[in-house]
1. If I take every Cα pair under 8 Å that is 6 or more residues apart in the range 13-161, average their sequence separation and divide by the length, what percent do I get for the relative contact order?
2. Given points 7 Å out from each Cα along the Cα-Cβ axis, report the residue 34 to residue 100 separation in nanometres with one decimal.
3. Please work out how much length the chain gains when fully extended from residue 27 to residue 74, using 0.36 nm per residue of separation minus the C-alpha to C-alpha distance, in nm with one decimal.
4. I'd like the Karplus ³J(HN,Hα) series for the range 65-81: coefficients 6.51, -1.76, 1.60, θ = phi - 60°, whole numbers in Hz, and an x wherever there's a Gly or Pro.
5. What shape does the range 64-109 have by the C-alpha gyration tensor, where a ≥ b ≥ c are the square roots of the eigenvalues, rounded means a/c under 1.5, and otherwise prolate means a/b greater than b/c and oblate the rest?
6. Place a +1 charge on the Cβ of each Lys and Arg in the range 1-81 and a -1 charge on the Cβ of each Asp and Glu, then give the dipole magnitude about the Cα centre in debye, rounded to the nearest 20.
7. Once you place label points 7 Å from the Cα toward the Cβ at residue 123 and residue 110, how far apart are they in nm?
8. Could you pull out the pairs from 20/147; 23/147; 20/137; 23/137; 20/125 whose alpha carbons sit more than 21 Å apart here?
Amino acid sequence: MFEVESYRGDRSENYDLLIKQLKALLDGEKNSIANYSNAAALLNQFLDRINWVGFYLIEDGELVLGPFQGLPACVRIPIGRGVCGSAAEMLETVRVEDVHLFPGHIACDAASQSEIVIPMLDNGKLVGVLDIDSPEKNRFDELDQKKLEEFVSVLMQLYKG
């Protein structure tokens, strides 16, 4: 049974605890949708000042909405379009301080001001992206990026397709 932890350390230590919790949640579970669902819920519980967190998964050459926490979202995003599609195309994390200044930004939630998108790779092949939005500009920094990339790496190590 999952119990909410009190995050008492510095931000880096708190992220380390989050990743430990992710490993425990994923342990022994083979269903990727269940794992993505729990990962989204865990991030939603852990991260402050966000309004959406979830996954877009590759299907027929485009990103399709997967498990998430937040308001209803855009269902399909073409590769190369918006922040999610750009991260998917480049196969690298995209961190945007002000989404309104990002060329081709797709506004699924008008409250979103900043965003971070981390590609999910299985042996170099794109599986999807982790997308996190915030109602604050410049919400995500280098530490968030490093630790969220580590979070995705742990998730992908246990990826079962």
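The values are calculated or read from the model by the stated rules, or taken from the named source; none is laboratory data. It should be emphasised that the depicted structure is a prediction, and the values quoted were computed from it without experimental measurement. All Cβ positions, even for glycine, are placed from backbone atoms using ideal geometry, and neighbour counts span all protein chains on display. Side chains included, ligands, DNA and RNA excluded: accessible areas come from the protein's heavy atoms. Shrake-Rupley method; radii C 1.70, N 1.55, O 1.52, S 1.80 Å.
1. Working: 280 pairs, mean separation 35.7, N = 149.
Relative contact order here is 24 percent.
2. 4.4
3. On the way: separation 47, 0.36 × 47 = 16.92 nm, distance 3.05 nm.
Length difference between fully extended and current span is 13.9 nm.
4. The phi angles translate into 3, x, x, 7, 10, x, 5, x, 10, 4, 8, 10, 10, x, 4, x, 10 Hz.
5. Values: a/c = 1.68, a/b = 1.24, b/c = 1.35.
Oblate.
6. Values: 8 positive and 11 negative charges, 34 e Å.
Computed about the Cα centre, the dipole is about 160 debye.
7. 4.7
8. Numbers: 20/147 12 Å; 23/147 14 Å; 20/137 29 Å; 23/137 30 Å; 20/125 25 Å.
With Cα atoms farther than 21 Å apart: 20/137; 23/137; 20/125.
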